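Encoded as C-alpha cells, the structure appears first; notes follow it.
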Amino acid sequence: MPFLRMAGITKFFPGVVANQNVDFEVEEGEIHALVGENGAGKSTLMKILYGMEKPDAGQIFLQDRLVTIPNPQAAIALGIDMVHQHFELVPSLTIAENVTLGYEPRRGPFVDRQTMAARVRRLSEQFGLQVEPEARVSSLSVGVQQRVEILKLLYRDARLLILDEPSAVLTPQEVDDLFGVLRRLVAEGRTAIFITHKLREVMAICHRATVLRAGRAVGTVRVAETQPETIAQMMVGRELEMPRRLTSHAIAERPRLVVRDVHADDDRGLPALRGISFAVHAGEIVGLAGVEGNGQAELLQTLVGLRFPERGDILLDGRTITREGTRARREHGLAVIPEDRNRQGLSLPSTLSENLIATRYQAAPFSRLGLLVPGEIRRFAQRAIHAFDVRVRGPNVAVKTLSGGNAQKVVVARELAQPPTVLIAAQPTRGLDVGATQFVHNELLRLREQQTAILLISADLDELLALSDRLLVIFEGALAGELDRSQATRERLGLLMAGRAGAELHA
C-alpha cells in the first residue's frame, strides 16, 4: 500500500492541459524525485497536493484513505507540507519565531517564548539541523535559512515533505548537509518528494523517480537500476546527445575582457566589489562560482554599464569602457545573457520580433531614416526562430506566452545573432529543462570555438565544471581563488565559496 496515491489527476487552464490523467505513487519512507521539462506539469501536480490548486478530475489517497485538500492549511493538517524554491521567511524575526509563526505555544494570552525556543532547539538537535533559535533570520546564510524552512515543516509534524528545487542556491557542502538531513528524516519515518532539474542529485539522494512529460506521467524508475541518460530521455521524449567538452582548443594569448582592481558599491552605498581583477581571453570560457549575494549581480551590472565602479578599469578588446554606457559597450562587441530573463532580458508583453531587435532596432537594416523597416525585422525574426529552434507559432506572438526554455532561446538568439567579441552569460540555464540546457551549452561551446571570450556566471557547479577553461570564485565581493579546469573539483570550489582561502592549494 503506497503512502500517497494520486489517481487520474487532471487540471485544465485556459488553452492548456497542465495535468492529464496523472497517476503518482509515493512509498512511505522514501525520497521520490519528480522530474520533467519546464511546463511538464510538476508544479501544478504538487500545488494540487498542497491545496494551492483544485483538480478538475482525479482523487488523492493518503495511507489508502481518500482525502480532500482544499487549501494549504488542510494539507498541513494532513501532515503534508512544502519547502518552496523561494524561501518564505521573515528576516526581522528570530529562527524560533519563524518556525512557530502561526502555531506559537501560548501561556494564557501570551506567547510562551521559553517553550518556543526549547521546542525549536530540541527539533534542531534531533535532526542535526544545528541552528540557534534566538538568531535573526536576516543574519543567516542561505544554507541555514533552508534548515529553518525544514524546521518549520517538522514543527508542524509534517509526514510528507515536498521540496521544490531545494539545492538551487546552496554550496556543495550545504547540499551534502541537506542530503544528510533528508536521509535522517526518512530514517525517522518521514517521506519526501524531491522536485529538481539536476539529475546528479536524483541519482545521489532519491530512491525512485517519476517523470512527467507534457502533462502526463510517462514512467517511474528505481534510481539504483537506471542511468541519468535514461531519465533525461524520458523527460524529453527523444535520445539526447550528452554535452561533450571540446578537448583540443587553442586559447589566444590576447585578452578580450580585462577587469582591473574594480571596486563598486551596492544600491545601499555599501561595498559590493572589493578589488576585482581578472581577464578572459579569446576562445576561453572563464567560469565564476559563488553563493548568490556575494557580488555577482553588482559585477554583472558593472561590466554591462548599469553601474559605474568607484575605482578600477574595464577594457574590452583593448579599449577602456569603464565610463561608457550599455549601448556603446554593445557596439564594441559585448553581448549579455542576463540572469533573470523575465525582468532583465525580455519585454514580456512585446512580440518575439520586437524582443529580437531590442538591442539594435536603431541601426540598419532594421531602421532607415529613423523609421523601422517591418519587412527586414520579420525576415530576421523568422531566421532566428529557425536557427535557434524557438517553438512558437510565429514572430508576432507575445513573449509572455512562451515556455521558459523558448523564452531563453529568444534571449540567446538576440545576443548571438552577430558573433560577439565578449559574451557575459549569467545563469544562462537557470530553470531550463534538459533539452533547453543542452542547446545553450552547445551554443556556448560553438562561440568558444569561434574565439569569443566568455564569462560564465552560474550557481550550477556541474555546468561550470563541464564548460569552463578556468574557474574563479567570488566571496564577499572579492575573488577568493582561481582554479584551472584540471584542478577544479566540487569540493575545492565549495570550500572557496564558503570563504576558505587557500582551498585551491590544500583541498
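Please return the ranges of helices (runs of 4 or more DSSP H) entirely within the stretch 65-168 where 1 or more residues are among the acidic types (Asp, Glu) and in contact with a Cys (Cβ under 9 Å, 6 or more places away or on another chain).
Numbers: elements: 72-77, 95-100, 113-126, 142-155.
Here the list is empty.
Is it the case that Asp164 is in contact with a strand residue (DSSP E or B) (Cβ under 7 Å, 6 or more places away or on another chain), among the charged types (D, E, K, R) and closer than 30 Å to Val473 by Cα? Please lay out each step first, then the result.
Working: in contact with a strand residue (DSSP E or B) (Cβ under 7 Å, 6 or more places away or on another chain): yes; among the charged types (D, E, K, R): yes; closer than 30 Å to Val473 by Cα: yes.
For Asp164, the condition - in contact with a strand residue (DSSP E or B) (Cβ under 7 Å, 6 or more places away or on another chain), among the charged types (D, E, K, R) and closer than 30 Å to Val473 by Cα - is met.
Taking the stretch 11-48 on its own, how many of its residues are assigned to a strand (DSSP E or B), over 16 Å from Val211 (Cα atoms) and touching a residue at least 40 places away in the same chain (Cβ under 8 Å)?
Taking the stretch 11-48 first, the residues assigned to a strand (DSSP E or B) are 11-13, 16-26, 31-36.
With over 16 Å from Val211 (Cα atoms) added as a condition, the list becomes 11-13, 16-17.
This time we only want the ones that are touching a residue at least 40 places away in the same chain (Cβ under 8 Å), so: 11-12, 17.
Here the count works out to 3.
I want to confirm something. Restricting to the stretch 145-177 and keeping residues that are among the hydroxyl-bearing types (Ser, Thr, Tyr) and in contact with a Ser or Thr (Cβ under 8 Å, 6 or more places away or on another chain), which single residue is surrounded by the most Cβ atoms within 10 Å (Cβ to Cβ)? Let's see the steps before the verdict.
In the first step, residues of the stretch 145-177 are kept if they are among the hydroxyl-bearing types (Ser, Thr, Tyr); the result is 155, 167, 171.
Subsequent filtering for residues that are in contact with a Ser or Thr (Cβ under 8 Å, 6 or more places away or on another chain) retains 155, 167.
Working: Tyr155: 19, Ser167: 24.
So the residue we want is Ser167.
May I ask you to say which residue of Arg391, Arg430 is more than 28 Å from Ile321 (Cβ to Cβ) and not in a helix (DSSP H, G or I)?
Working: Arg430 fails: more than 28 Å from Ile321 (Cβ to Cβ).
On inspection, the qualifying residue turns out to be Arg391.
Being closer than 23 Å to Asn294 by Cβ and surrounded by 15 or more Cβ atoms within 10 Å (Cβ to Cβ) narrows it down to one residue among Val137, Val99, Val120; which is it? Before the answer, list the steps.
Working: Val99 fails: closer than 23 Å to Asn294 by Cβ; Val120 fails: closer than 23 Å to Asn294 by Cβ.
Just one listed residue meets the conditions, Val137.
Suppose we keep only residues that are part of a strand (DSSP E or B) and among the hydrophobic types (A, V, I, L, M, F, W, C) within the stretch 331-358. Which one would you say is nearest to Asp389 (Cα to Cα)?
Filtering the stretch 331-358 for residues part of a strand (DSSP E or B) gives 334-337, 351.
Applying the additional criterion that residues be among the hydrophobic types (A, V, I, L, M, F, W, C) yields 334-337.
Details: Leu334: 24, Ala335: 20, Val336: 20, Ile337: 17 Å.
Checking each candidate, the answer is Ile337.
(1) among the basic types (Lys, Arg); (2) touching a Gly at 6+ places or on another chain (Cβ under 6 Å); (3) at pLDDT 95 or above: which one isn't true of Arg65, the others all being true?
Tallying (1) among the basic types (Lys, Arg); (2) touching a Gly at 6+ places or on another chain (Cβ under 6 Å); (3) at pLDDT 95 or above, Arg65 fails exactly one: (2).
Given (1) closer than 29 Å to Gly15 by Cα; (2) in contact with a helix residue (DSSP H, G or I) (Cβ under 6 Å, 6 or more places away or on another chain), where does Ser458 come up short, assuming only one miss?
Of everything listed in (1) closer than 29 Å to Gly15 by Cα; (2) in contact with a helix residue (DSSP H, G or I) (Cβ under 6 Å, 6 or more places away or on another chain), Ser458 misses just condition (1).
For the stretch 140-161, how many residues are closer than 30 Å to Gly290 by Cβ and in contact with a strand residue (DSSP E or B) (Cβ under 8 Å, 6 or more places away or on another chain)?
So the count comes out to 6.
Of the residues Arg156, Arg208, only one is charged (D, E, K, R), farther than 16 Å from Leu34 by Cα and at pLDDT 85 or above; which? Break it down into steps so the answer makes sense when it comes.
On the way: Arg208 fails: farther than 16 Å from Leu34 by Cα.
Step by step, each of Arg156, Arg208 is checked, and only Arg156 is charged (D, E, K, R), farther than 16 Å from Leu34 by Cα and at pLDDT 85 or above.
The values are calculated or read from the model by the stated rules, or taken from the named source; none is laboratory data. This is a predicted model, so every value here is computed, not measured. All Cβ positions, glycine included, derive from the backbone under ideal geometry; neighbour counts span all protein chains shown.
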